[in-house]
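What follows is a set of notes on a single structure, which appears directly below.
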Amino acid sequence: MHSPSPRSLVDLPIRRLNRGDLVPCADLCEDRGWPRDEHRWGLLLSAGTGYGIDAPDGKGLAATCLTMPYGSEFTAVGMMLVAGRYARQGIARRLMRHVMETAGDTPLALYATEQGQPLYENLGFSPVGRAERVGGRFETIGSGGSGSASPASSVLPSAASSVTTRPAAADDLQAMVRLDLPVFGTDRTHLLARLPAFADRLQVAEDHGDLVGYAALWPSGQAEVVGPLIARDTATAQALVAALAATTDRPLRADVDARHKELLGWLVERGLEPLSRTTVMTYGIPDLPGDAAHRFAPLTVATG
């Protein structure tokens, strides 16, 4: 059997994905060398909208794409995956055009890999930033303080001596949303409300009783991902990461906004290594909304 021609591939129908597609979505991730991540797909398909093209050979999905809506501000695009046997035959372009047509006048944003960036540029997306993915085993350094704190709570000494972190409680959600809104630039309550069930750990930072940051830790393959990471300053972000790291023996991974060089340097000092980078791109808006100074890492690049 010959593979379908590019003409027949780009004419294949696009359908909405649902939770019944979790295994085929995970199979496609594995096909491309990504962690299977059924857990993440469950979150994405419940909070966002997935699109897929069924493989013409009857073996799972040929391609996927996910959109995460944030009202009229923008829609994030992610999980653009094409099975290796159908790569470079126009399917990704077809899916993206469908997403752009469906979005209408709503701006779009995404994190592009080096391989995907030329396609998005050709479709009119513009680069506006970068994220650095780091990963590895987090090491406590001497008396650095926060890395050796107990899992239940921690205090970061020196410049942020008044900052403490603790596990989030149910009544923290409203304060998290209030903190998140000006930082992310639009309401993402539909995602934050799912964090307690999705994350292995959800930690908040306080300064004299005021919430000044929060972060989640969730599983991905053999690693634990830190994200989202929202904090008043770098010291608070460090306290949150250290407190989360103290709760797991698995390697950590994070996609850190490249503007936060101090945090990136601190993570490398503690054993994490640069893994890859993605380019933040937008369509229809000159930049992401919100305040990048306090936005250290996304929940996942698929959610913007």
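The values are calculated or read from the model by the stated rules, or taken from the named source; none is laboratory data. These figures come from a predicted structure and were not determined experimentally. Note: ideal-geometry Cβ built from the backbone for every residue, glycine included; neighbour counts use all protein chains shown. Ligands, DNA and RNA are excluded from the accessible area calculation, which covers all protein heavy atoms including side chains. Shrake-Rupley method; radii C 1.70, N 1.55, O 1.52, S 1.80 Å.
Of all residues in segment 226-267, exactly one satisfies the criterion of being in contact with a Lys or Arg (Cβ under 7 Å, 6 or more places away or on another chain) and of a type in the set (S, T, N, Q), namely 247.
Once segment 34-66 is narrowed to residues that are touching a residue at least 40 places away in the same chain (Cβ under 8 Å) and polar (S, T, N, Q), the residue that is farthest from residue 102 (Cα to Cα) is 46. So, in segment 61-79, of the ones that are among the small types (Gly, Ala, Ser) and in contact with a strand residue (DSSP E or B) (Cβ under 7 Å, 6 or more places away or on another chain), which residue ends up farthest from residue 287 (Cα to Cα)? The selected residue is 62. When each of 120, 111, 70 is tested for being over 22 Å from residue 29 (Cβ atoms) and modelled with pLDDT of 95 or more, the lone residue that passes is 70. Determine whether residue 40 is open to solvent by 10 Å² or more (accessible area, probe 1.4 Å) and more than 15 Å from the chain's Cα centre (by Cα). For residue 40, the condition - open to solvent by 10 Å² or more (accessible area, probe 1.4 Å) and more than 15 Å from the chain's Cα centre (by Cα) - is not met. Just to be sure before I move on: is residue 10 out of contact with any strand residue (DSSP E or B) (no Cβ under 8 Å at 6 or more places or on another chain) and in contact (Cβ under 8 Å) with a residue 60 or more places away in the chain in the structure I sent? Criteria met by residue 10.
Of the strands (runs of 3 or more DSSP E) lying entirely inside segment 185-304, those containing at least 2 residues that are over 22 Å from residue 40 (Cα atoms) and open to solvent by 10 Å² or more (accessible area, probe 1.4 Å) are 201-207, 210-220, 273-283. Among the conditions (1) buried (at least 18 other Cβ atoms within 10 Å of the Cβ); (2) more than 28 Å from residue 35 (Cα to Cα), the only one that residue 178 does not satisfy is (1). Among all residues of segment 223-237, there is none that is over 19 Å from residue 131 (Cα atoms) and under 17 Å from the mean Cα position of the chain (by Cα).
Only a single criterion out of (1) surrounded by 13 or more Cβ atoms within 10 Å (Cβ to Cβ); (2) at pLDDT below 95; (3) on the phi < 0 side of the Ramachandran plot is not satisfied by residue 143, namely (1). Applying the set (1) open to solvent by less than 20 Å² (accessible area, probe 1.4 Å); (2) within 24 Å of residue 18 (Cβ to Cβ); (3) β-branched (Val, Ile, Thr); (4) in contact with a helix residue (DSSP H, G or I) (Cβ under 9 Å, 6 or more places away or on another chain) to residue 99 leaves exactly one unmet item: (4).
Residues in segment 276-304 that are polar (S, T, N, Q) and in contact with a Leu (Cβ under 7 Å, 6 or more places away or on another chain): 282, 303. Quickly run through segment 103-116 and pick out the residues that are closer than 13 Å to residue 283 by Cβ, not in a strand (DSSP E or B) and not acidic (Asp, Glu). Those that are closer than 13 Å to residue 283 by Cβ, not in a strand (DSSP E or B) and not acidic (Asp, Glu): 103, 104, 106, 107.
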